[in-house]
Structures are given as structure tokens and as C-alpha cells.
Amino acid sequence: MTTSTPAIDTSRATDRASLLAALAGEDTPTAPVWLMRQAGRYLPEYRAIKDRYGFWTMISTPEIAAEVTLQPLKRFALDAAILFSDIMTPLCAAGVAIEFSPGPIIAEPIRTAADVAALRLPSVDEIAPFVAETIAAVRSSTSTPLIGFAGAPLTLATYLVEGGASGDFARFRAWLPSERETATQLLELLTDLTIRYLLMQIGAGVQVVQLFDSWAGLLDRASFARHGLPHLHRILEAIAPTGVPCIYLAVGASHLLTSMRDLPVQALSVDWRTDLRTVRRAVPGPTLQGNLDPAILLAPASVVAEATERVLDDGRGGAHVFNLGHGLRPETPPDNVAALIDTVHNFDRHQEAGRSA
Ligand code: CP3
């Protein structure tokens, strides 16, 4: 593979609605589009690099991480790049040993007060310095906006306590009400770490950040209010002075929508279970991002086009950033991704809806 990151022709993107305009609340004539996991196993060029280097080397080597970040932009007319990394990346500097297979595995889970006390809060410069270098390399190679990201404290904690991905994180759900003080200490440390990590990324040049709360939906409203919201507020308040817009993603969390009303975020990213019209009514204000079911991309092209237009239609009436409801699946045909992006760019959001309600 080449380790250089040649400049990309982004001229196709210049006259299109920009991600930054939509995140500023502008009801743009076309929806900007990017896709969660847009760099990943569905791309043969990603698999070739992964086979050669392995996931962690890819993330921690700036030239490779920058190249992988740019791979989907070379193929598709995407309106944003997302840093190639993982939500678990900053935890290494806090003293957690993590492996990927392919999801994160924590051989020594964090469950007791002593486990939490043994973690350390690294300084900004100590947290994944290779990420800052990756960001600089991507920014110098493309004018397409670059999205940085972090895991929300609750979602980071699910992995740390459970020890890895699990179907429904039952151990974590039992632990949270059993070890409330330890939980709060862990979540506060993760909040401080996340603030430092996001400020580092912003300082290095990301133009947008996304907070991934993939497992927020596991909690009921009261638990989310206690263990999720205060930490989210603290993170959002800490990054607000930078002026960098923040997108908050919670998966399977429509029961928490009203709890999210007061979150000072520029955009809410929602999964496919709740249509955007309903979300906009429940949470008027922020830009909406989403929300095609990633499984639809495994269907024939005509089904992809129809479902994509339905999402675009539902996104009318306010600012919309087109995305999937969760990450691209590895078995997704790249041709369907190209067709999806064309459909989004050809859809005039200001023309009367052609679809009957
Ligand atoms: O979206 C992007 O293209 C940017 C890169 C990115 C990755 N992980 C790369 C990755 C981002 C934004 C993430 C975030 C992430 N990581 C989340 C939040 C989003 C979500 O999916 O809910 C979570 C929960 C993780 C933890 C994690 N890392 C899991 C569950 C897995 C396995 C998932 C899978 O796809 O099998 C990983 C590994 C991982 N992170 C891969 C990639 C491309 C797959 C690695 C491989 O190629 O084997």
C-alpha cells in the first residue's frame, strides 16, 4: 500500500449542500450525506490493508489511518470524512488493555472501586497522540469536512464493565444499580477523559464531532437521567466554547427522546426504528441525522432507492444530514452505497413531496 495521502478531487462536492450548513440548522436544498462505518470491511481496499496490518496498527499509524479515512471519499461523493479510529482508542492511555476481535475485548474488566481507582486520567498530550497526527494528515489532503468522535461515557462503561461486546449487556445492567458510587466514579473519569480527547481532536483540526452512545437505549429513562445525561451535559458544555458542532447518536433510544430535548447539541442522530418526522415533533430544534436501516443496503437497488427517498421525505421540514440508522454492515455491496449517495444528491428537499402520506 502507499503511505502517502494524495489530495482528493472534491470539486464535485463544492456546489452541494454542506454538512456544516446543515449542522448550523440550515434547511439545505439537498441533504449532505456521510455513512457511519463508511471506512470498513465492505470495501476491498479496506480489507487489503486490514489483512496486512491488523486493526490496531491501522488506527495507531497516522499514515495508514489517514489513508483508510480517505478510502471511501475516493470511491463515493461523500460530504464528510470520519476519522478512522475507535471509541475505545483513548482508554489505553487511562490504563486499560484492549484487544479487537473484531469488537473490543477487555481481558480485565473494570467492576470494583479498586479497579476504577487504578485507572488514571491522562493529560491531553498523552491521549492517543497518533490521532492528532492522523487528523492533520487528513486535513491537509482534503477540503471535505472531517468528523472526529468519541464514545459517550455510558457506552464506554458498558464495554469496560462487561468485558466486551455482549448481546444485551446484562452484567452491566445489573452492575449499574448495584455499584452506584463506583459507577459514578467511573463515569466521571470517562467524562473527563472524553472532554480532553475531544478538545485534543478539535485542536488538531476536526470540524465536527460525534458522540456515539450506542448502548444508551439499554437504560430506562430514570437510569439514563442519572447515569447518562449529567455526563453528556458536562462534555457538551466543555466543548461548546470551541464552536465545533456536535452530533449525538443514541441507538434504540426512542423512549429517551424527550430526555434529549434539553441536550445542547447541534444534531441528533437517530436509528431507523423511529421515523424522522416523529423525532422532529418530539425534539424540535436540532438538525436530524439518519436514519436508513443499514440492512436495507442488502436489498435490490429499487428497494434501496425507495427506502432512501422515504427517509429524505421524512427529513423535510428542517435541517437534515442523511446517514444510516447505525453502521454500514460488512456484507454491503459497494455499488448500493454509490446508488444511495446518488439518490440523496438528486433529491430536492424543497420541492413538494411526491410521496403521498
Ligand atoms: O465510522 C467510521 O467509519 C469511523 C470508524 C469507527 C470505527 N468504530 C471503526 C471500526 C467508528 C466511528 C467506530 C465507533 C465505534 N466502535 C462504536 C460506536 C458506533 C457503533 O457501531 O455503535 C462502537 C460501539 C465501537 C466498538 C467496536 N469496535 C465494535 C462493536 C467493533 C466491532 C464491530 C464490527 O463492525 O464488527 C469494533 C471494531 C471496529 N471499529 C471495526 C471498524 C471498522 C471493525 C474492525 C475490523 O475490520 O475487523
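Could you tell me whether residue 329 is within 16 Å of the ligand (Cβ to nearest atom), open to solvent by 10 Å² or more (accessible area, probe 1.4 Å) and among the basic types (Lys, Arg)? Spell out the reasoning first.
On the way: within 16 Å of the ligand (Cβ to nearest atom): yes; open to solvent by 10 Å² or more (accessible area, probe 1.4 Å): yes; among the basic types (Lys, Arg): yes.
Yes: the conditions hold for residue 329.
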task = Just one of (1) open to solvent by 20 Å² or more (accessible area, probe 1.4 Å); (2) within 9 Å of the ligand (Cβ to nearest atom); (3) touching a strand residue (DSSP E or B) at 6+ places or on another chain (Cβ under 6 Å) trips up residue 47, so point out which.
result = (3)
request  = Scan (1) touching a Pro at 6+ places or on another chain (Cβ under 9 Å); (2) charged (D, E, K, R); (3) in contact (Cβ under 8 Å) with a residue 60 or more places away in the chain for the single condition residue 188 breaks and write down its number.
outcome  = (3)
key: All positions within the range 74-87 that are away from the ligand (no atom under 11 Å from the Cβ), hydrophobic (A, V, I, L, M, F, W, C) and open to solvent by less than 20 Å² (accessible area, probe 1.4 Å)   = 76
Count of residues meeting criterion [in contact with a helix residue (DSSP H, G or I) (Cβ under 9 Å, 6 or more places away or on another chain) and either of a type in the set (Phe, Trp, Tyr) or outside any helix (DSSP H, G or I) (or both)] in the range 41-56 = 5
inquiry  = Residue under question is residue 59, and the condition is that it be within 13 Å of the ligand (Cβ to nearest atom) and either outside any helix (DSSP H, G or I) or not charged (D, E, K, R) (or both); does it hold?
reply    = yes
ask   = Tell me, which helices (runs of 4 or more DSSP H) wholly within the range 89-176 include 3 or more residues that are closer than 14 Å to residue 187 by Cα and open to solvent by 20 Å² or more (accessible area, probe 1.4 Å)?
value = 113-117
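Taking the residues in the range 92-101 that are within 11 Å of the ligand (Cβ to nearest atom) and hydrophobic (A, V, I, L, M, F, W, C) as candidates, determine which candidate is nearest to the chain's Cα centre (by Cα).
Here is the first cut: in the range 92-101, the residues within 11 Å of the ligand (Cβ to nearest atom) are 98-101.
Of the ones still in play, those that are also hydrophobic (A, V, I, L, M, F, W, C) are 98, 100.
Numbers: 98: 20, 100: 18 Å.
By that ranking, first place goes to 100.
Kindly indicate whether residue 342 is more than 16 Å from the ligand (Cβ to nearest atom) and farther than 30 Å from residue 237 by Cβ. Please lay out each step first, then the result.
On the way: more than 16 Å from the ligand (Cβ to nearest atom): yes; farther than 30 Å from residue 237 by Cβ: yes.
Judged against the criteria, residue 342 is a match.
Could you tell me whether the range 331-339 includes any residue that is more than 30 Å from residue 48 (Cα to Cα) and among the small types (Gly, Ala, Ser)?
No - not one qualifying residue is present in the range 331-339.
The values are calculated or read from the model by the stated rules, or taken from the named source; none is laboratory data. Note that the structure is predicted; figures quoted are calculated from it, not measured. Heads up, the Cβs are rebuilt from the backbone with ideal geometry, glycines too, and the neighbour counts pull from every protein chain shown. Each accessible area value is taken on the protein alone, full model and side chains, heavy atoms only, with ligands, DNA and RNA left out. Shrake-Rupley method; radii C 1.70, N 1.55, O 1.52, S 1.80 Å.
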